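First comes the structure, then the notes that go with it.
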Amino acid sequence: MKSLWMLSASFFFSLMAVFVKMGAEDFGTFELIFYRSLAGVILLYTFIRSRGYTIRTPYLFGHFKRSFIGTVSMSIWFLSLTMLPVGTSMTLNYTSPLFLSSFMVVILLMRKQPMPWGLLGCIVLGFCGVVLVLQPSFSSGQMLGAMLALASGFLGSVAYWQIKELGQLKEPSWRIVFYFTVFGTFYGLLGNLFLEGGLSPITLDNIGYLIGMAVCATCAQCSLTLAFGQGNVLLSSCLQFSAIIMAELMGLLFFGDALSLTTEIGIAVIMVSGVCATMLTRRQQTKP
């Protein structure tokens, strides 16, 4: 099933976060977006040329919408990280599947089609697992940061819906990601020049972080685009929570972060929700 590409996306996004954390001491936020996107442009354009494909598309405005909304969502989330505890910011950002589910419910109601209550329940269960793992909390003075993180989750769900629409138009995943990285390259460079004062020096000590981040980001975006563009939206949304599990395991492996009992319970809840969602989808697909 195409939706299972979300597991690959979760792995690469989590590994990318490790490289971002390692490189954050030497590079600014917009600078990281620039290098991550620029490397994606180079890698994807090399792939496109080697296969004889073309970047020409009749859906240029659709690509612009997806790229603009997705990049703004990422920037808002980065900003919220400066105002909130990491767990709180990530939890609110991971409301994207809940917003996507709401979109789907409205569409199904309008079309008078049967409601996939099982999958919707798995998404809610998975989000409960995220809350257990990240244990969000914030004070009254952090309301702006909370609203920004929530806005990032909403815009992220809109961007995923744009990916689904482009996928239904038979746009290949590599072309969707290519235009996203082109937009991110200009966005990151302009943001760096105007807000961060220019690019930082690249040395032998930090270039590995940039290369690792860029490769992982490109693989993650391609996998995510395959999942949402060609797979089941609700199943992909539920499996998206697996990124939290992988992020916790990456923290344990690379930074020695300890896992509490509540975190372990949350991980188990997320795993159960993903397995149940997958089984429900397969059962639905095998019905005559």
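The numbers here are math on the coordinates, done by the rules we state, and not lab data. Owing to the predicted nature of the structure, the values given are computational and were not obtained by experimental measurement. Note that each Cβ is placed from the backbone with ideal geometry, even for glycine, and that neighbours are counted across all protein chains shown.
Some observations on this one:
- Cα centroids of the range 51-111 and the range 228-270: 19 Å apart.
- On the beta carbon distance between Arg111 and Arg282, with R0 = 25 Å, the FRET formula returns roughly 0.60.
- Mean-square fluctuations from a GNM of the chain, with a 10 angstrom spring cutoff on Cα atoms, peak among Ser102, Ser273, Ser37 at Ser102.
- Of all stretches in the chain that contain no trypsin sites (Lys or Arg not before Pro) in a DSSP loop with at most 10 other Cβ atoms within 10 Å, the longest one is 171-288.
- Estimated purely from DSSP H runs of n ≥ 4, each contributing -39500 (n - 2.57), the mean residue ellipticity at 222 nm for the chain is -26000 deg cm²/dmol once divided by its residues.
- Note on the range 1-159: Rg/Rh from C-alpha atoms, Kirkwood Rh, equals 1.00.
- Electrostatic dipole magnitude of the range 145-249 [Cβ: Lys, Arg +1; Asp, Glu -1; Cα centre; debye, to 20]: 300
- Around the Cα centre of the range 2-286, unit charges on the Cβ atoms of Lys, Arg, Asp and Glu (plus for the first two, minus for the last two) sum to a dipole of about 1360 debye.
- The chain - percent relative contact order, Cα under 8 Å, separation 6 or more: 42
- Screening the chain for whole DSSP H helices of 30 Å or more along their axis (Cα) with average Kyte-Doolittle hydropathy at least -1.0 returns 29-51, 60-81, 143-168, 207-230, 261-286.
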